[in-house]
Amino acid sequence: MKQRTFYIPDGVWDIGALEEWLSHMARHGWRYREQRGKRALFEKGEPLVCRVRLEPVLERTTRKAERDGLYADMGWLRWGTLYDHAVYVCSD
C-alpha cells in the first residue's frame with residue numbers, strides 16, 4: 001500500500017481540531033498509522049466517513065488492553081497514538 005507523511009497541524013492543545021483533521025484525512029482515503037516527530041504517517045486506502053476520538057493516555061496508570069476492549073465493545077477501533085493521545089475511530 002502507498003504510504004505518505006504529512007505535517008501535523010500546529011495546535012496540540014486543540015484536540016477537536018486534530019480529531020477533525022484526522023477524520024478529514026480519512027474521508028480522502030488516508031488512514032493514520034503513526035507519529036514520526038512533527039509528521040504523521042498515513043496509509044492510502046478507500047475513503048472512509050468516520051468519527052475520530054483522541055483519548056489521553058497515561059501509560060503508567062492506564063490499562064491499555066482494558067481500555068481498548070471497552071472502546072471495541074462500543075464499535076471504536078484503535079489506529080495508534082498521536083502525541084499523548086490514543087486515536088480511536090468509529091465509522092458513521
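Among the residues of segment 1-29, those that are among the hydrophobic types (A, V, I, L, M, F, W, C) and open to solvent by 30 Å² or more (accessible area, probe 1.4 Å) comprise M1, F6, V12, W13, I15, A17, W21.
Screening P47, P56 for residues that are open to solvent by 40 Å² or more (accessible area, probe 1.4 Å) and touching a residue at least 24 places away in the same chain (Cβ under 8 Å) leaves exactly one candidate, P56.
Of the listed requirements (1) on the phi < 0 side of the Ramachandran plot; (2) touching a strand residue (DSSP E or B) at 6+ places or on another chain (Cβ under 8 Å); (3) of a type outside the set (D, E); (4) part of a loop (DSSP other than H, G, I, E, B), P9 misses just one: (2). Candidates are the residues of segment 81-90 that are part of a strand (DSSP E or B) and out of contact with any Phe, Trp or Tyr (no Cβ under 6 Å at 6 or more places or on another chain); the one that is surrounded by the most Cβ atoms within 10 Å (Cβ to Cβ) is L82.
Remark: pairs (first residue in segment 70-85, farther than 14 Å from C50 by Cβ; second residue part of a loop (DSSP other than H, G, I, E, B) and open to solvent by 40 Å² or more (accessible area, probe 1.4 Å); Cβ separation under 6 Å; 6+ apart in sequence or on different chains) = Y83/V12. For segment 43-53, the set of residues classified as part of a strand (DSSP E or B) and either among the basic types (K, R) or out of contact with any helix residue (DSSP H, G or I) (no Cβ under 7 Å at 6 or more places or on another chain) (or both) consists of E43, K44, R51, R53, listed by residue number.
Here is a yes/no grid of residues against (1) part of a loop (DSSP other than H, G, I, E, B); (2) more than 28 Å from Y7 (Cα to Cα); (3) in contact with a helix residue (DSSP H, G or I) (Cβ under 7 Å, 6 or more places away or on another chain); (4) modelled with pLDDT of 95 or more:
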site	(1), (2), (3), (4)
Y32	no, no, yes, yes
L41	no, no, no, yes
E55	no, no, no, no
E59	yes, no, no, no
E66	no, yes, no, no
G69	no, yes, no, no
A72	no, yes, no, no
G75	yes, yes, no, no
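The values are calculated or read from the model by the stated rules, or taken from the named source; none is laboratory data. Just so we're clear, the structure is a prediction, and the values are computed from it rather than from any experiment. Here Cβ is always computed from backbone atoms with ideal geometry, including for glycine, and neighbour counts include all displayed protein chains. Calculation scope for accessible area: heavy atoms of the full protein, side chains included, ligands and nucleic acids excluded. Shrake-Rupley method; radii C 1.70, N 1.55, O 1.52, S 1.80 Å.
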